[in-house]
1. So, R0 is 56 Å and r is the distance between the beta-carbons of Asp354 and Asp514; what FRET efficiency does that work out to, to 0.05?
2. How long is the stretch 30-89 along each principal axis, judged by its Cα atoms, biggest number first, in Å?
3. Rg and Dmax in Å for the stretch 462-530, alpha carbons only: what are they?
4. If amide hydrogens are placed 1.01 Å from N in the peptide plane, which non-local residues have theirs closer than 5 Å to the one on Ala459?
5. Under a point spin-label approximation (7 Å from Cα along Cα-to-Cβ), what is the Ser315-Glu219 distance to one decimal in nm?
6. Keeping all protein chains in the complex and leaving out DNA, RNA and ligands, what accessible area do you get for Trp445 with a 1.4 Å probe, in Å² to the nearest 10?
7. Counting only other residues whose beta carbon sits under 11 Å from that of Gly450, what net charge do I get with K and R as +1, D and E as -1?
8. I need the phi-derived Karplus couplings for the stretch 214-226: 6.51 cos²θ - 1.76 cosθ + 1.60, θ = phi - 60°, integer Hz, Gly and Pro marked x.
Amino acid sequence: MHRVGSAGNTNNSSRPRKEKRLTYVLNDADDTKHCAGVNCLALLRSSGTDGSDYLFTGSRDGTLKRWALTDDAASCSTTFESHVDWVNDAVLVGDNTLVSCSSDTTLKTWNSLSDGACTRTLRQHSDYVTCLAAAEKNSNIVASGGLGGEVFIWDLEAALAPQSKSGDAMEDDCSNGINGSGNSLPISSLRSISSSNSISAHTNQSHGYVPIAAKGHKESVYALAMNDSGTLLVSGGTEKVVRVWDPRSGSKTMKLRGHTDNIRALILDSTGRLCLSGSSDSMIRLWDLGQQRCVHSYAVHTDSVWALASTPAFSHVYSGGRDLSLYLTDLATRESFLLCTGEHPILQMALHDDSIWAATSDSSVHRWPAEGRNPQKVFQRGGSFLAGNLSFSRARVSLEGSALVPVFKEPTLTIPGTPGIVQHEILNNRRHVLTKDTAGSVKLWEITKGIVVADYGKASFEEKKEELFEMVSIPAWFTVDTRLGSLSIHLDTPQCFSAEMYSADLNIAGKPEDDKVNLARETLKGLLAHWLAKRKQRFGSQASANGDLLSGKDVSHRSLTHSRIEADIIAENDSMVYPPFEFSTVYPPSIITEGSHGGPWRKKITDLEGTEDDKDFPFWCLDCVLNNRLPPRENTKCSFYLHPCEGSTVQILTQGKLSAPRILRIHKVITYVLEKMVLDKPLDSVNPDGTFAPGLAGGQLQHSVIGDGTFRSGLKPWQKLKPSIEILCNNQVLAPDMSLATVRAYIWKKADDLVLNYRLVQGR
């Protein structure tokens, strides 16, 4: 697992950020499919004769999904969406509780048969949570391990009990799935339990329930396993040793050495006497915990072993990993079979009757024949090999060319995913992003609408990027990453409010062409249009017109916050969402953000209830959408000098430096020059074709600021004029539709103030 910055995790960002970030994740594909690698599997067997079994999958796209299984089909019935980073592991406990862990440092609990609402968020880890373990016959215990070297044992009954208003180890999620108040449970509700199948709950007067910490790992933990009764826990990681714990107290009982690399997979038999471990050293080891030693080692794989699953009798083990292969090994005879070979590394497996599900770094999940009830059937086919006890033995066989032939060529069932995005480029217009996915398909996204506007198929990414290049300069108002397999668009204040465009350039009908449109403000309005409509239904029209809606803050705090914000308030509360900023409701994006408390959360924009406030959203975001108020921003003006070309006979008098919006077009500068020459000179100085008589100077410049309204006094639009003036920069004639920012970035290319020159168009 790579240490990569989280798409939505604002707690562990390496870049300090005073204000909370708002991220939205785009998706143009079927929501019933994963769009990134599947890290984990959990199987829920039907209790009735007519009910279907369920498979739960957790993905690097940040979601979990529930699949209803039949003999020849799997249909997605629910998506569990709340984690803001990779889902790394999931276990089922009790009758219908699903527990998941994520790189967002949290564990989450869900009703596995519900519509996908998160019931509780558990926060104790300081780093990515990589693995979970549950006790088969004790539905109360779950263990979690992570990159911080931390192992915690959770008493779910205590952790999920009703909470009082103290502490922050847990958060009770509202019915809408967003983190709640962060309350913790009262001390009186905790049980002191004997040495039966339950664990004693550790309490803290100020923080409520705190899980038991199994302290001893100095490095990252990647694997956990627990026996059926929950009285034994084993862990492994980058320290290359298997540690054994008593989960009731968190105390260490033994440490087993033998592996030479990271331990990535562990399983225990039902009694807790035997343990199997898989490692990045390519070896599988069988440990007898009673004898505290390794009794067998199996050289089956040619690369890292990442996943293990055993038959119910613990007589055979299925193993998979980085070498793309799935093997079945008889633990007693050491005979091994290559069951199948895929195209992607195997990350986790789940045995299901006579089949086995394999999750890989691809977004699809495959079911392979496994003969789980009677694995000897496989060995009766012949063609097995004897697993050596030295890691190079299988590698040597591979190098000698005696490649093994897999028993099964094709899976019996595939749950397809969609290709994840692996490459992206933000185009210069700062509204389009070019992407390439794992299938090689190149697409063009319009991020202010959240849709694909062009699908180029399997084209050359670099060639398409060059073809779409535009010589325009717009501030970088958002950032992008593809960590979740989709486009995650990050908005950080105040940088996100730095980009503006004229309404004419956005083709907004019915809006004056010179009106400036702030791209981030309009994007936020589009994202929260559903939320705002719901809010108006609940609270009436005042919900969008004043600051009273920001509940949860006292007046003094709100006043302090407002005093820091520039009074950039639009005269009328413009709540209309313009077409360039209307997001799809068919494939709505998901928002990842956090408010004043509760931690980061994730939800589709169409699932917002309208009850969310500044406890859930960043204050700057609400202030923008509800009050049309923007925070202080960097200067959006561009300073420049306007001089005649050398030898030019046409001049206007200017008073030093001029200033104009960065988005001002050169045709406005042409109009400015014309205005100063036409309006300040006698009419007889104008030639019949609209040009100016040579040698005549323009009149005194009355003001030195070029604004949006300066040029409207009786002048025709620039397109209807016959301009006799052209503007140059660095001796290059500028196109009339170029902006000052574009000229500065691509023509001027200096830190000094921009210098423009004007002259009569040659030949007129």
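The values are calculated or read from the model by the stated rules, or taken from the named source; none is laboratory data. It should be emphasised that the depicted structure is a prediction, and the values quoted were computed from it without experimental measurement. Because the Cβ atoms are built from the backbone with ideal geometry, glycine has one as well, and the counts that use them run over all protein chains shown. Accessible surface areas use protein heavy atoms only, side chains included; no ligands, DNA or RNA. Shrake-Rupley method; radii C 1.70, N 1.55, O 1.52, S 1.80 Å.
1. Numbers: r = 71 Å, r/R0 = 1.27.
After rounding to 0.05, the efficiency reads 0.20.
2. So the three principal-axis extents are 37, 22, 17 Å.
3. For the stretch 462-530, the Cα-based Rg and Dmax read 14.4, 40 Å.
4. Hits under the 5 Å cutoff: Val442.
5. Here the modelled spin labels are 3.8 nm apart.
6. 10 Å²
7. Working: positive: Lys449; negative: Asp28, Glu446, Glu582.
Here the count lands on -2.
8. Couplings: 8, 9, x, 5, 9, 10, 5, 9, 10, 8, 9, 8, 9 Hz.
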